[in-house]
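Right, one structure below, let's go through it.
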Amino acid sequence: MQSTIYKKAGLVKVGTSDFKDRNHKVGRIDIVKGSKENIEKIIQIIQNPITKTIKKEMGRIDGIGVPKPIISLKEEERLDEVSYFELSFYNVEDTDALAKRLSKLLNCHLKSTDFRRIYGVLYLGINISIGNVKKLTGFNALRAANAFNNRNSFDTSQEIKINKRMYTKPIKSLPTVGMIDGGVVLEHNEFFHDVVTEKYQVSCAASQEAQEHGTSVASIILYGNIDTSIDMPITPELRIESVRGLPSEENEVFDLVSLENIISDSIPNLRSIKIWNLSVGPRGMLLDGDISSITALLDILAYKYDVLFVIAAGNTGNENGIMSRLQIPADSVNNIAVSAYGYLEGKKISASYDSIGPGREGNKMKPDLVDYGGYGGSDYLEAVGSYGYNSNECVGTSFSAPLVTRKLGLLMWKYPSLSVLDVRALVAHYAALNFSVKERNIFYDGKGELNDDYNDLVTASSNEVRIMYIGKLKPTEYQILDMPIPSIINGKTLEITWTIAVKTPVHPENPDAYTEFAIEDAFYPDSDKYKFYKNDDFHEEKTQNIKDSEKVQTLTEHGFKRSSYPQKNNNNYYVSDVPDGLYDDEEALRKKKLKWDTVKSQSVNKRETSLNKPFIRLHALSRNGKNDFVNYTMVLSIRVKNDVDLYDNVLNDYQQLLPISVRTTTQTRI
């Protein structure tokens, strides 16, 4: 950051972004605000640097220019075609002046109250023609213009069948999850009467289509995919607090403002609900250089109120190019995005309609999970309909997401000691254990399929021990986590997999530096094996076991110095398509080590003989120099092929390890 130069020139930094030059080299842009005189002053300073500090900062400046806004348009769109756009602006303090300038430019009437501010970003939702959008390309207060449309048909087939099965009341206390959708039809519907409440609703009347969608989503959360071929009563396993976030069909475009307002009102007042399903949203892809208002809102609420949103990834996979990418707010870095699989000619495959990854800076490995969403034709989920015993045939990520919500709600109820951060780590870890890069495309598929038995998230296989580490670190602090390797192992090779998850404050004004907190990790397989360095004209290095005191003494006598930590295992999290050596050190860490991502998994295979008191070292990071604690959860799995005694052998050697607690329930009809 060129803070000294900015200060002397009178410029104020209002955001950051990244860029690629003609050679595809990546750099960082600082967005600054000031008068014409301020710009002239910084040019003078650069032309005549006075202090060493300014000279040093100048070495990182490549040029000065006016940023161009990011505008998402389809080439075939007509200039007179009107769409709903979300405009995002840099941190303009005088919103009255901004409204007047935009009103004059666009020939409309805007007020300062039309803008919403989320941290350092102003947002405006507006119906506008493509021709008028193009007038904004020279408006330098504008960061981005993203076209949003409604998710047509809400992923629901309206084909109706007769469902003769009967509802049975539960006989035990039920956990509650939240659902933000089009509402649920509760009148004269016994399937929802006892277990669904709806305290929060937008002021406009409900849309019949949106309410049908919400009813189907609620059915899947409560009952799963109903098998209509079996004539048996169904009983709900959860309760739902429904938040109706969609207004009536009189609204021609997706009402993002109403949705965000009802989410902002409801989440702080429903603090006991930790898992929320979100299967609705505007039809708009993520833009790397811009953070949508709803993405920022969900990330902020997830961190502030300790909740987890399970979000449908979107159904644009059959569209061309960038239009097929994840739909907002599935790019949320503190939450989970779910894609779908289905069955085509009897074979399970990723659904062609899945919106694809990767995610944005801060959580690139998106979507997080894949669950059953149907493929269309004869492959669909069956859900309770709105009236009588009608049912809906459902296809889309809108319905794979509530299957995940259902499992996570039941998981947190059965294991009450788990936090939502623990759950996210367990989900990512389970996916890492069951995902094969060789079999699937890591950029396009969900990162793993969540088994129907949610207990698999916490239950190790017969040849595995699974351990959870929960802690917090202040930035710049380090922590050593020992690996429990038993003294008796019935195998030669160990597969070691670990996953780290954090929650973080976010900064929508800095899309290239969106996450504030992170955890760096390094694996050290042998606590006695160190590198020794000799800093002379040839810079030599040697690796030596420090238990061999004679060799260590010889190295010391020849001017070698021992490293602070043992030799670490050098693995990449993320296999990118970026050529080696293209990025500087920080960029390489972000792209290949997922340095600032909120969740990451890694797996290594090690011979038993190469392990000696192995450990993982964690290092907390903060971009902004804050000294707040960074909370983390790490899940570690150790597997040895055919070693069914591994778990017992670990417990024998490490008796301080405790099994996760399970809730006991009393059976009483409610």
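None of the figures in this text is laboratory data; all of them are computed from the coordinates on show. As the structure is a prediction and not an experimental result, all values here were calculated from the model. Methodologically, a virtual Cβ is constructed for each residue, glycine included, from the backbone with ideal geometry; neighbour enumeration extends over all protein chains shown.
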Net charge (Lys, Arg +1; Asp, Glu -1) of residues whose beta-carbon lies under 9 Å from that of THR295, THR295 excluded, is -1
Can you list, bin by bin at 20 Å, the percent of alpha carbon pairs in the chain, starting at 0? 17, 47, 29, 7, 0
Based on other C-beta atoms within 10 Å, arrange MET468, MET412, MET179 from fewest to most. MET468, MET412, MET179
For the range 268-419, just say rounded, prolate or oblate: build the C-alpha gyration tensor, square-root its eigenvalues into a ≥ b ≥ c, call rounded for a/c under 1.5, and beyond that prolate if a/b exceeds b/c, oblate if not. oblate
Approximate spin-label separation LYS135-SER549, in nm, with each point projected 7 Å along Cα-to-Cβ: 8.4 nm
Pulled fully out, how much extra length does the chain show between ASP528 and VAL604, if you take 0.36 nm times their separation in residues and subtract their Cα-Cα distance? 25.4 nm
In Å³ per residue, the alpha-carbon convex hull of the range 211-284 encloses 126 Å³
Exposure proxy order (Cβ contacts within 10 Å, fewest to most) of THR113, THR633: THR113, THR633
Relative contact order for the range 70-148: what percent, with Cα pairs under 8 Å and sequence separation of 6 or more? 52 percent
Skipping prolines and chain starts, which residues have an amide H placed within reach, meaning under 5 Å, of the one on GLY15, given they are 5 or more residues away or on another chain? ILE31
Which residues' amide hydrogens lie under 5 Å from the amide hydrogen of ILE70, considering only partners 5 or more residues apart or on another chain, with H built in the peptide plane? ALA144, ALA145
Within a Cβ distance under 10 Å of ILE485, other residues only, what is the Lys/Arg minus Asp/Glu net charge? -1
Please list 3J(HN,Hα) in residue order for the range 643-660, calculated via the Karplus relation 6.51 cos²θ - 1.76 cosθ + 1.60 where θ = phi - 60°; whole Hz, with x for glycine and proline. 8, 6, 9, 4, 4, 5, 5, 5, 5, 5, 8, 10, 6, 6, 6, 10, x, 5
Of all the Cα-Cα pairs you can form in the range 152-457, what percent are over 29 Å apart? 28 percent
Toy charge model, Lys and Arg Cβ at +1, Asp and Glu Cβ at -1: the chain dipole around Cα centroid in debye, rounded to 20, equals 2040 debye
What percent do you get for the relative contact order of the chain when only Cα pairs under 8 Å and 6+ apart count? 14 percent
Please report the antiparallel percentage of the DSSP beta bridges confined to the chain, to the nearest 5. 75 percent
FRET efficiency, SER264 to THR459 (Cβ-Cβ, R0 35 Å, nearest 0.05): 0.40
Treat each spin label as a single point 7 Å out from the Cα along the C-beta direction, and report the SER487 to ASN434 distance in nm. 3.7 nm
Packing-based ranking, highest mean first, of 220-228, 260-268 given that Cβ atoms within 10 Å are counted: 220-228, 260-268
Calculate the translational D of the range 70-148 in whole µm² s⁻¹ from Stokes-Einstein, where the hydrodynamic radius comes from the Kirkwood formula applied to all Cα pairs, the temperature is 4 °C and the viscosity 1.567 mPa s. 102 µm²/s
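What does the net charge come to around LEU421 if you take all other residues with beta carbon closer than 13 Å to its beta carbon, with K and R at +1 and D and E at -1?
The answer is +2.
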Residues in the range 209-234 reached by a label modelled at LEU344 [backbone nitrogen below 19 Å; 7 Å Cα→Cβ]: none
